[in-house]
1. Between helix 15-26 and the chain, what is the angle of the helix's C-alpha long axis to the longest principal axis, kept within 0 to 90° and rounded to the nearest 10?
2. At q = 0.20, 0.31 Å⁻¹, what is the base-10 log of I(q)/I(0) for region 48-97 according to the Debye formula with one equal point scatterer per Cα and no solvent? Please give it to two decimals.
3. Quick one: helix 188-199 against the long Cα principal axis of the chain, what's the angle to the nearest 10°, folded into 0 to 90?
4. Please give the per residue accessible area of region 89-150, computed with a probe of 1.4 Å over protein heavy atoms only, in Å².
5. How big is the charge dipole of region 162-281 about its Cα centre, in debye rounded to the nearest 20, if each Lys and Arg gets +1 on its Cβ and each Asp and Glu gets -1 on its Cβ?
6. What do the square roots of 5 times the Cα gyration tensor eigenvalues come to for region 116-228, in whole Å, largest first, as semi-axes of the equivalent ellipsoid?
7. What share of the DSSP beta bridges in the chain is antiparallel, in percent to the nearest 5?
8. Mind putting a number on the dipole of region 249-338 about its Cα centre? Charges go on the C-beta only, +1 for Lys and Arg and -1 for Asp and Glu, and I need it in Debye to the nearest 20.
Amino acid sequence: MNDLISIIIPVYNSSAYLDKCIGSVLMQTYKNIEVILVNDGSVDDSLEKCRKHAANDPRIRLINKDNGGVSSARNAGIKASTGRYIAFVDSDDTISPDFCSKMFEAASNAASSPYLIICGYDFINESAGDVKHFIPAQKNILNRKDLDNNYLQLFNDRHFLSVWGKLFSAEIIKRNNIYFNEHIHIGEDFVFLHEYLTHMPGINIKLLSEALYMYYVHNTQSLTKSGDASRIERARELYYTAAALYQSLNISDTGMYAMSLYYLRTLSIVFEHMDLSSKESMKYFKYAAALPETKSALSAIGFSSPESILYQLAFRSRKMAFLKLMLSVRAAYVKQKR
């Protein structure tokens, strides 16, 4: 029997990409789906496009609500969903025609039904005309040792930083009241996913060696999501939330190493978009460098890589010259990776 899959798409001012996104979902070879479009107070013609699609396909359910952010929109979708499985798709991304069929097959045909399915994805930078493939190297994570051994690579490849490209059990989500935290605005996907992991009856994750999800970057700026000083406080909150989740999962050392790098990268993004010649930027730099979270992160990463050495140099010295050097080298490295 083909169980119903609920596909939740939060929509906010995404008119330029919406038809392509919804079209890819409706073209699924697996037909037993419900598509929940949550218009989160769009001020462009996104709502009109959602209504047109809903009028043409009975599998679409449209929720129209006041703007509350992506977490609020996803939560509304979860509450409205009726499927056995839940998948999340961002409104400017697409999925392959066999996304649902292959994810469902993985969920139903295993000897021991996995509680989470993760597929590979394509990272598509439209402005650069570049596509990178992120395919999990392993196939199964069946215990905490597997999770610990494979966590860092999966985290670095964003598989453990996002909720898209996955198939979740609706029963686990709803039985444990797992919803997105509407009060945080950095790492909300991470928190939801790891809360889900802590509530799984056991560690049983299936990974597919195919890119079934297409993640689009539509302009260079969105690659870094330029930050402001308030982002420092949000990064601090995420750091401590992550520590508690990792402790529950019994992967504290590996998890905090990954999160510490993520935290320091987030601080770097904040300073990349500041005028480093201003007194204000110097104030925030010294503030960030003195934070207990920053000191903890530096201790967690040690001198394990060239990147970590740069962070040590910049944040331990608290000298603007070393911050500029770190940002310059990091920018060249990121550009090369793109």
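The values are calculated or read from the model by the stated rules, or taken from the named source; none is laboratory data. Since we're looking at a predicted model, the values are computed, not measured. All Cβ positions, even for glycine, are placed from backbone atoms using ideal geometry, and neighbour counts span all protein chains on display. Calculation scope for accessible area: heavy atoms of the full protein, side chains included, ligands and nucleic acids excluded. Shrake-Rupley method; radii C 1.70, N 1.55, O 1.52, S 1.80 Å.
1. Tilt of helix 15-26: around 50 degrees.
2. Scattering profile of region 48-97, log10 relative to I(0): -0.90, -1.36.
3. Computed tilt is about 70 degrees.
4. Working: 2820 Å² over 62 residues.
Ligands and nucleic acids excluded, the result is 45 Å² per residue.
5. Values: 10 positive and 13 negative charges, 44 e Å.
Charge dipole, region 162-281, about its Cα centre: 220 debye, nearest 20.
6. Values: eigenvalues 126, 71, 29 Å².
Sorted largest first and rounded, they come to 25, 19, 12 Å.
7. Numbers: 14 of 41 bridges.
If we restrict to bridges inside the chain, about 35 percent are antiparallel.
8. Working: 13 positive and 6 negative charges, 61 e Å.
My answer is approximately 300 debye.
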